[in-house]
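Taking it in order: structure first as structure tokens, then the write-up.
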Amino acid sequence: MKLGVCYYPEHWPETDWASDARMMKAMGLTHVRIGEFAWSRIEPEQGRYDWGWLDRAIDCLHGAGLEVTLGTPTATPPKWLVDAYPEILPYDEHGHPRRFGSRRHYCFSSPVYWRESARIVEAIVGRYGRHPAVTMWQTDNEYGHHGSDESFSPAAKEAFRLWLEQRYGEVERLNEAWGTVFWSQTYRSFAEIDPPAATVTEPHPSHRLDWRRFCSDQMCRYNEMQVAIIRERSPGRSVTHNFIGDFTRLDHAKMGRALDIASWDSYPIGLLSEGPASHEKKQSWLTRGDPDFAGFNHDVFRACSPKWAVMEQQPGPVNWARYNPAPAKGMVRLWTWEALAHGAEFVSYFRWRQVPFAQEQMHAGLLAPDRTVQPVAGEIETIASEIARLEPLAQEKAEVAILLSYESLWQHEIQPQGNRSGPLRPARDLYTACRRLGLNVDIVFPDSELTGYRLVLLPAVTILDEALCEKLDRSGAMVLATALTGARTVSGRLPHNLPPGPLQRWTGVKVMSFESLPGFAEFDVTIEGKSWKASMWREAIETQGDVIGNFADGAPAFVRQGRFHYLACWPGEDLLLEILSRLCLQNEMPVIDLGPDLRMRSTARVKFAFNYGSAPIDLGGKGAPQEDNAYLLGGRMLTPSGVSAWPIRPILERH
């Protein structure tokens, strides 16, 4: 459990570096990320390197006892490179190159950019790969951000055609898989196929699904190229990449296989502003963030690699959201401890010092531009002292798993059947309900091992196959599938036997029709004489299983066959809590309703409580100790933005 910070020595006078390093160390920080945007300073002209400033910066940090995470600078190709090779630029859907002047201005399919990226990575890793200060490498920065996941360049078009040929072998197989007979879209050769862009009306959905697969694969391959260079020239160092929270355009699980540590950039307030939450919820959590935003992403990235971390933690107001309030006092400490409770190797704050120029002038740091230390530094010092008192937090497998399928997210994005649900909403709603019931949750993927889970949830997993269904059956877990599960084949077509496709065998359900409804069109689902609200989606199903709940017209809404359950609608919050509580009770898994603002997380030996609300919470009625002296952090009365922790098994306290 370590704390770090993101630092840009090239932004500041060299006379400040030593003082900055001493202040970092005194604050309790142990490692510093640098270099990920510094290509033009490292190589001001092609082939002419200026290593002196970076040598001195790394030595300065090392001399203060700080570890260095060094970023490969490929997210910001310099102007001279763009001028020399304009073909490296990404193209928009209308065939126009996106211009120099910000960041991420490159195309993942450009052979020239691959060559130049490999050259700069080889140069920087060759120089610092064995430096004692450099203990970790970060590849690039936030792959896919700002719409850079896709480029419609000539190079991307050729790469996509090759990708399709490798996938299908013969164009006739592609025509059959996609169903190109519709609207006379049949192709005679792979050379005729363009990226799905700038069409008169919507492009073919199967075309778009394969395009999404291709774009994700290009990012993964590009990352693997960098990782291979780092592993060869810097043995023994960890490799990470900093992903984006709630980002669905990249298969993080696939990319994570090449990494030692999957890290992500946590901005709870900024992304609350940008997200789909209701006005009332945004108002309630304005300065604290959605109680399940960070936890959900912690668990996603925890599942992607052997280890995980937070590379950028919001420490104050950001500059890029619709509105940018300051975090409530104590929230940076809460966010940090929540990450550590979920198993983070480290939490790193963005950034050390607020920059007084360029695009991020209004993005807060731990220091103001004039080097005044901000109040949040006190929270970080407190965290560092608390970490020093506790043993490392060992993690245990959860009893509940939520299955996340990136192909299904893409399919839902392509054909959402209405505009009320973003691709992550089903998974996020299930996750929120589980956490509100006090449950630990693991995120799993279609290729994950499922044995050992007691409850597996399928949140509108539209694309699944027979092998995954058989694995669910072998797991011995109770399974809940929601509406739209199994609604498409791997090619993006309706299953020949109707949804839920291969899951019919286990659920005893056949979906005869599907409808999406507006927000005002709520409807009732009745279970044992009591009714709850549902909305958004409703399916008409035939079932061979036991009917547990019905729609108001008597049609089956919630059914069971053996261990498999199927819900033919999207439930409101209360109905979802009721269903999950019932399944947990049947499974002898204790639950407790924590309410909208309290969240808990259990490690192997310690249990944590986090208050996202604006009022104190008495933990005494939530299974926590009655006496304050039984707590490792905080106490029974959990203050707003507060953290409490208590042992659930014997634990040693360090002094």
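Please treat every number below as a calculation from the coordinates, not as lab data. If you're wondering where the values come from, they're calculated on a predicted model, not measured in any experiment. Ideal geometry is used to build each Cβ from the backbone, glycine not excepted, and the neighbour counts take in all protein chains shown.
Brief remarks on what is shown
- Scaled radius of gyration (Cα, divided by 2.2 N^0.38 Å) that segment 305-432 gives: 1.33
- The ranking of Thr489, Thr462, Thr69 from fewest to most other beta carbons within 10 Å of each one's beta carbon is Thr489, Thr462, Thr69.
- Within segment 286-342: Cβ-based charge dipole about Cα centre, in debye rounded to nearest 20 (Lys, Arg +1; Asp, Glu -1): 160
- Residue exposure sequence - Arg636, Arg488 - by fewest surrounding Cβ within 10 Å: Arg636, Arg488
- Its Cα centre serving as origin, the chain has a Cβ charge dipole (Lys and Arg +1, Asp and Glu -1) of approximately 820 debye.
- Whole-angstrom gap from segment 243-316 to segment 3-21, using each part's C-alpha centre: 26
- Reference-scaled alpha-carbon Rg (2.2 N^0.38 Å with N residues) for segment 389-472: 1.24
- Computed on segment 550-655, with alpha-carbon pairs under 8 angstrom and 6+ residues apart, the relative contact order is 18 percent.
- Whole-number D in µm²/s for the chain (Stokes-Einstein; Kirkwood sum over Cα pairs; 37 °C, 0.692 mPa s): 125
- Long pairs among Lys2/Lys622; Lys2/Lys329; Lys281/Lys622; Lys254/Lys607; Lys79/Lys307, criterion Cα-Cα beyond 25 Å: Lys2/Lys622; Lys254/Lys607; Lys79/Lys307
- Percent antiparallel among DSSP beta bridges (both partners in the chain, rounded to 5): 45
- Estimated Rh, segment 400-586: Kirkwood, alpha-carbon pairs, angstrom: 16.2
- Span per principal axis, largest first, for the Cα atoms of segment 598-647 (Å): 28, 20, 17
- Three-way shape call for segment 428-470 based on the alpha-carbon gyration tensor, with the a/c threshold at 1.5: oblate
- Measuring nothing but how far apart in sequence close Cα pairs (under 8 Å, 6+ apart) lie, relative to its length, the chain scores a relative contact order of 10 percent.
- Local electrostatic count at Met536 - Lys and Arg +1, Asp and Glu -1, tallied over other residues with Cβ under 12 Å: 0
- Of the residues Thr74, Gln166, Trp17, the one whose Cα sits farthest towards the positive end of the charge dipole of the chain is Trp17 (charges of +1 on Lys and Arg Cβ, -1 on Asp and Glu Cβ, taken about the Cα centre).
- Debye log10 I(q)/I(0) for segment 92-146, one point scatterer per Cα, at q = 0.18, 0.20, 0.29 Å⁻¹: -0.78, -0.90, -1.27
- Residue order, fewest to most beta carbons within 10 Å, for Met331, Met27: Met27, Met331
- Relative contact order (%) - criterion: Cα under 8 Å, at least six apart; region: segment 120-243: 52
- Evaluating kT/(6 pi eta Rh) at 4 °C and 1.567 mPa s, with the Kirkwood radius of segment 226-343 over Cα pairs in the Stokes-Einstein relation, gives 85 µm² s⁻¹.
- 222 nm mean residue ellipticity, helices alone, for the chain (DSSP H n ≥ 4; -39,500 (n - 2.57); rounded to 500): -9500 deg cm²/dmol
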